[in-house]
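Values quoted throughout were computed directly from the atomic coordinates according to the rules given, and no laboratory measurement underlies them. Given the structure is predicted, the values throughout are model-derived calculations rather than measurements. Please note: Cβ atoms are built from the backbone with ideal geometry, for glycine as well, and neighbour counts cover all protein chains shown.
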Amino acid sequence: MNKLINRPQYLEQLIGHKDVDLVKIVTGIRRCGKSSLLDLFHQYLLKQGIDEKHIIHMNLESLKYRNLIDYIALYEYVSERIPEKGKIYLIFDELQNVEHWEKAIESFRLDFDVDIYITGSNAYLLSTEFSTLLSGRYVEIRMLPLSFVEFLNFNTWEEATSIDEKFQKYMQFGGMPILSEYNFNEARCNQALEGIYSTVILRDILQRNNKIDQNTLHRIAMFLCSNIGSITSPNNVGNVLSSDRAIKDDKKQHLARNTVEKYISLLKNAFLFFSVSRYDIKGKQLLKTLEKDYIVDLGFRNMLLGYRDVDRGHLLENVVFLELIRRDYHVYIGKVDSTEVDFIAEKPNEKIYIQVTESMNSEEVRNRELRPLKAINDNYEKIVLSTDRSFVTSDEGIKILNIIDWLMEKA
């Protein structure tokens with residue numbers, strides 16, 4: 001068994017919910033560390049004096065459990081192994097492989113003294129049927145690939161490596177934990193990422209949706225990778241792919257739109273992409289059209305398209321978006337008249353407006369990035385993030401920060 005590397009941000013959440021009467025559900029893309037997290041939690045329980053007999057820990061992707069294909073088989077298998085006395089900790093990895101698993105989980109809650117932990121690599125785990133059955137009785141912990149701070153800790157560095165060089169590696173390879181085993185060998189890292197990507201497409205999308213065209217799905221994923229941080233619509237994607245004959249729909253373009261919407265939804269359900277809605281700051285309303293899409297990890301994007309620095313600004317946006325999600329913000333794209341704010345990040349008692357750009361050295365770029373923020377007439381924090389290192393740290397109350405410093409400030 002590989003040595004487990006702690007990710008305290010997530011482990012502390014599990015510990016904080018321990019023995020609370022809620023089903024704990026850890027979601028996230030395959031290989032982002034969910035299984036390791038449950039292993040770490042298992043170890044924590046043992047250190048707390050919990051008897052191993054009171055921990056039932058199953059990875060449903062193991063052939064050992066190949067016959068547990070539905071909720072009845074799962075319920076019978078687990079029930080036979082639950083001791084008569086004392087609280088039992090049930091830990092299920094990749095539970096979405098069991099049909100109607102939610103019925104078994106609800107029965108465990110009703111019939112035994114249990115504390116339940118689940119992982120899943122697809123948003124179907126939180127489907128309507130499940131939400132109805134366990135309404136208000138579960139908590140979701142969304143797991144992402146490594147943050148930049150975690151990336152620094154997971155990898156081994158030569159002493160002379162600068163923080164800027166380390167950040168460049170993060171931009172190129174992304175934060176999937178498995179890559180730390182390859183010491184930044186590009187060919188090996190790409191092979192590993194391709195394997196994960198193919199598994200996500202095959203097992204989390206195609207196996208569940210047998211009418212999906214794999215070629216079209218892949219082309220849509222490639223389109224989204226090519227347009228990270230750009231405003232898109234299903235019509236726009238459909239038009240581009242239809243002209244490229246990826247979607248055979250010469251007569252009715254709206255069918256292409258429906259196809260695109262469905263396929264993007266499937267990619268989001270597999271936690272490969274996030275769509276971010278736009279918000280009219282002055283009109284104070286969500287806009288129903290034209291979203292932006294971000295990928296769960298830049299390593300996948302660079303593996304699919306090849307790593308190029310030409311759209312570095314949008315890649316930096318992607319890094320900032322993921323960090324905001326890690327910090328538990330709700331994120332929107334801001335519209336101010338005819339200009340745009342890259343991100344509005346909100347918590348119940350907090351709001352931040354953020355612009356992201358590669359550099360502020362040009363007067364034209366500086367004005368372009370500051371103009372939308374200056375047009376917002378409220379007192380919430382306003383920040384511009386760039387790769388510059390400058391003695392100028394503010395402009396009319398707007399903070400100007402180095403993106404690496406910002407990524408590390410919560411460390």
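Among beta bridges from DSSP that stay inside the chain, the antiparallel ones total about 40%. A DSSP coil position with no more than 10 other Cβ atoms inside 10 Å describes the following trypsin sites (Lys or Arg not before Pro) in segment 111-214: 211. Taking only Cα atoms, what is the 0 to 90° angle, nearest 10, from helix 163-173's long axis to the longest principal axis of the chain? Helix 163-173 sits at roughly 70 degrees to that axis.
Treating the beta-carbon of each Lys and Arg as +1 and of each Asp and Glu as -1, no other charges, what is the dipole magnitude of segment 294-411 about its Cα centre, to the nearest 20 debye?
160 debye
Gain on full extension, evaluated as 0.36 nm per residue between residue 286 and residue 73 minus their Cα-Cα distance, stands at 72.2 nm.
Compute the acute angle (0 to 90°) between the alpha-carbon long axis of helix 214-226 and the principal axis of greatest extent of the alpha-carbon atoms of the chain; round to the nearest 10°. Approximately 40 degrees, to the nearest ten. Gain on full extension, evaluated as 0.36 nm per residue between residue 169 and residue 52 minus their Cα-Cα distance, stands at 38.0 nm.
Close amide H contacts of residue 291 (hydrogens built in the peptide plane, cut-off under 5 Å, sequence separation of 5 or more or a different chain): 232. Rounded to the nearest 20, the Cβ-based charge dipole of segment 176-306 about its Cα centre (Lys and Arg +1, Asp and Glu -1) stands at 580 debye.
Centre-to-centre separation between the Cα atoms of segment 90-114 and those of segment 122-181: 26 Å.
Take every pair of alpha-carbon atoms less than 8 Å apart whose residues are at least six positions apart; their mean separation over the length of segment 302-411 yields a relative contact order of 18 percent.
Between 0 and 90 degrees, the angle of helix 234-243 with respect to the longest Cα principal axis of the chain falls at about 80 degrees. In order along segment 373-389, phi translates into HN-Hα couplings of 5, 5, 7, 8, 9, 8, 9, 6, 5, 10, 9, 10, 10, 8, 8, 5, 10 Hz, rounded to whole numbers, per the Karplus curve 6.51 cos²θ - 1.76 cosθ + 1.60 with θ = phi - 60° and x for Gly and Pro.
In the structure shown, the pairs 282/347; 24/53; 284/374; 166/288 are assessed against 28 Å; a Cα-Cα span above that value is assigned to 166/288. Counting Lys and Arg as +1 and Asp and Glu as -1 over every other residue whose Cβ lies under 9 Å from the Cβ of residue 375, the net charge comes to +2. Based on C-alpha pairs under 8 angstrom that are at least 6 apart in sequence, the chain has a relative contact order of 13 percent. Of the trypsin sites (Lys or Arg not before Pro) found in segment 1-46, those in coil by DSSP whose Cβ has at most 12 other Cβ atoms within 10 Å are 3.
Distances between placed amide hydrogens fall under 5 Å for residue 278 paired with 287, 333, all partners being 5 or more residues away or on another chain. Computed 3J(HN,Hα) for segment 199-209, one whole-Hz value per residue from the Karplus formula 6.51 cos²θ - 1.76 cosθ + 1.60 where θ = phi - 60°, is 5, 4, 4, 6, 8, 9, 10, 5, 5, 8, 9, glycine and proline marked x. Among 163, 281, 376, the largest mean-square fluctuation in a Gaussian network model of the chain, built with springs joining Cα atoms closer than 10 Å, belongs to 163.
Annotation: amide H-H contacts under 5 Å for residue 141 (H modelled 1.01 Å from N, sequence separation of 5 or more, or interchain): 25, 26, 27. Largest GNM mean-square fluctuation among 62, 242, 226, using the chain with Cα springs under 10 Å: 62. Among the trypsin sites (Lys or Arg not before Pro) found in segment 277-384, those both in a DSSP coil and sparsely packed, with 15 or fewer other Cβ atoms within 10 Å of their Cβ, are 282, 284, 308, 327. When only the Cβ of Lys, Arg, Asp and Glu is charged (+1, +1, -1, -1), the dipole of the chain relative to its Cα centre reaches about 800 debye. Sorting the Cα pairs of the chain by distance into bins of 10 Å, from 0 upward, gives 4, 20, 28, 26, 16, 5, 1, 0 percent per bin.
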